[in-house]
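A.B. asks: Dropping a structure here in structure tokens format, bear with me for questions.
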Amino acid sequence: MTRSARSTRRMLQVTGVGAAALLALSACSSSDDSSPSKSGASVSSSPKLSGTVTVFAAASLKESFTTLGKEFEQAHPGTEVTFSFGGSDSLAASITGGAPADVFAAASPKTMKIVTDKGDAVGTPATFVRNQLEIAALPGNPDKVSSLKDLTKPGLKVVLCDKTVPCGAAAQKALDASGLKLTPVSYEEDVKSALNKVVLKEADAAVVYKTDVKAAGDKVEGVEFPESAKAVNDYPIALLKEAKNAEAAKAFIALVQSAKGQ
């Protein structure tokens, strides 16, 4: 097996907030000969780069990608990485609508497909991480939430991501798998908005990603539930066809997938 093939199968361990990590879950990189990840094995081997790299990324990647952006700028003086974080579906719509960007990192293959179906991505998107759901409860878990079923308790204020975004679709998939019916007090536009409702104590609980619970620290308490295993989201990343700084964009993608990115 070649070094490249081994790299493609390597499971990435990530934390979501660490300076040398992406998310607190396992991930497998995948690409083919047309994938932008072939542009280089590491940041240090990249050519002299400059200019701005514009990255559209799922809201759940905010902490990890912000850290990687700073590392990229330090490794390549003269470059700047700018981010637009939000719901993957909204970002995909912006890209297909002509919004200028170099890289797209989505929270699900379904939302990435919106971009690839329009021919707006170069090569085959590479899955760089997987994320799993968790319940974010109030600090100390005063409502004694211990399962997905507990979210259906009368009077409990629960928020979910909108069903059109990956975290909402995953939550609905987990609910369907458990045969539960849940009517939230609100549907939020992305996972950060859902989490923030609990942080601000405007809701008692939210179904978000494990990485978001970890990023929130002691502002929420995480509650795992087994049904989340039936709704794991793959995160793909791709170079965009209209990238204005393609070489630097390829190098950023390589960083995300590299051992240093781990």
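The values are calculated or read from the model by the stated rules, or taken from the named source; none is laboratory data. Keep in mind it's a predicted model, so treat the numbers as computed, not measured. With ideal geometry, Cβ positions are generated from the backbone for all residues, glycine too; neighbour counts draw on all protein chains shown. All accessible areas refer to the heavy atoms of the entire protein, side chains included, with ligands and DNA or RNA removed. Shrake-Rupley method; radii C 1.70, N 1.55, O 1.52, S 1.80 Å.
A.B. asks: Run residue 178 past the list (1) open to solvent by 30 Å² or more (accessible area, probe 1.4 Å); (2) in contact with a Leu (Cβ under 6 Å, 6 or more places away or on another chain); (3) without any contact (Cβ under 8 Å) to a residue 40 or more places away in the chain; (4) of a type outside the set (Lys, Arg) and report the number of the one that doesn't hold.
C.D. replies: Single failed check for residue 178: (3).
A.B. asks: Inside the stretch 215-262, can you point out the residues that are closer than 16 Å to residue 131 by Cβ and either free of Cβ contacts under 8 Å to residues at least 12 places away in the same chain or not in a helix (DSSP H, G or I) (or both)?
C.D. replies: Across the stretch 215-262, the qualifying residues are 222, 224, 225, 231, 232, 233, 234, 235, 236, 237, 261, 262.
A.B. asks: Taking residue 66 and the conditions (1) hydroxyl-bearing (Ser, Thr, Tyr); (2) touching an Asp or Glu at 6+ places or on another chain (Cβ under 7 Å); (3) open to solvent by 40 Å² or more (accessible area, probe 1.4 Å); (4) under 25 Å from residue 131 (Cβ atoms), which numbered condition does it fall short on, given that it satisfies the others?
C.D. replies: The failed condition is (2).
The rows are residues; the columns are (1) farther than 25 Å from residue 114 by Cβ; (2) assigned to a loop (DSSP other than H, G, I, E, B); (3) in contact with a Leu (Cβ under 8 Å, 6 or more places away or on another chain).
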{"site": "136", "(1), (2), (3)": "yes, no, yes"}
{"site": "142", "(1), (2), (3)": "yes, yes, no"}
{"site": "146", "(1), (2), (3)": "yes, yes, no"}
{"site": "192", "(1), (2), (3)": "no, no, no"}
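A.B. asks: Residues 104, 85: which one is among the hydrophobic types (A, V, I, L, M, F, W, C) and within 21 Å of residue 241 (Cβ to Cβ)? Let's see the steps before the verdict.
C.D. replies: Working: 85 fails: within 21 Å of residue 241 (Cβ to Cβ).
Result: 104 is the single residue among 104, 85 that is among the hydrophobic types (A, V, I, L, M, F, W, C) and within 21 Å of residue 241 (Cβ to Cβ).
A.B. asks: For the stretch 88-142, give me each residue that is polar (S, T, N, Q) and open to solvent by less than 30 Å² (accessible area, probe 1.4 Å). Break it down into steps so the answer makes sense when it comes.
C.D. replies: Filtering the stretch 88-142 down to residues polar (S, T, N, Q) leaves 88, 90, 94, 96, 108, 111, 116, 124, 127, 131-132, 141.
Once the filter is applied, which keeps residues that are polar (S, T, N, Q) and open to solvent by less than 30 Å² (accessible area, probe 1.4 Å), the stretch 88-142 yields 88, 108, 111, 127, 131, 141.
A.B. asks: Next up: From 165, 158, grab the single residue that is crowded, with 17+ Cβ neighbours inside 10 Å and within 18 Å of residue 141 (Cβ to Cβ). Walk me through it before giving the result.
C.D. replies: Details: 165 fails: within 18 Å of residue 141 (Cβ to Cβ).
Within the list 165, 158, the selection yields 158.
A.B. asks: Taking the stretch 227-241 as the search range and keeping residues that are open to solvent by 30 Å² or more (accessible area, probe 1.4 Å) and modelled with pLDDT under 95, which one is nearest to residue 56 (Cα to Cα)? Give the derivation first.
C.D. replies: At the first step, the residues of the stretch 227-241 found to be open to solvent by 30 Å² or more (accessible area, probe 1.4 Å) are 227, 229-230, 232, 234, 241.
Subsequent filtering for residues that are modelled with pLDDT under 95 retains 227, 229-230, 232, 234.
On the way: 227: 30, 229: 27, 230: 27, 232: 21, 234: 16 Å.
Filtering first and then ranking leaves 234.
A.B. asks: I've got another one for you. Check residue 259 against each of (1) modelled with pLDDT under 95; (2) touching a helix residue (DSSP H, G or I) at 6+ places or on another chain (Cβ under 6 Å); (3) among the small types (Gly, Ala, Ser) and name the one condition it does not meet.
C.D. replies: (2)
A.B. asks: Right, something else. From 205, 231, 246, which residue is touching a Leu at 6+ places or on another chain (Cβ under 7 Å), of a type in the set (A, V, I, L, M) and more than 30 Å from residue 101 (Cα to Cα)? Before you say what the answer is, go through the steps one by one.
C.D. replies: On the way: 231 fails: more than 30 Å from residue 101 (Cα to Cα); 246 fails: more than 30 Å from residue 101 (Cα to Cα).
Selected residue: 205, the only one of 205, 231, 246 that is touching a Leu at 6+ places or on another chain (Cβ under 7 Å), of a type in the set (A, V, I, L, M) and more than 30 Å from residue 101 (Cα to Cα).
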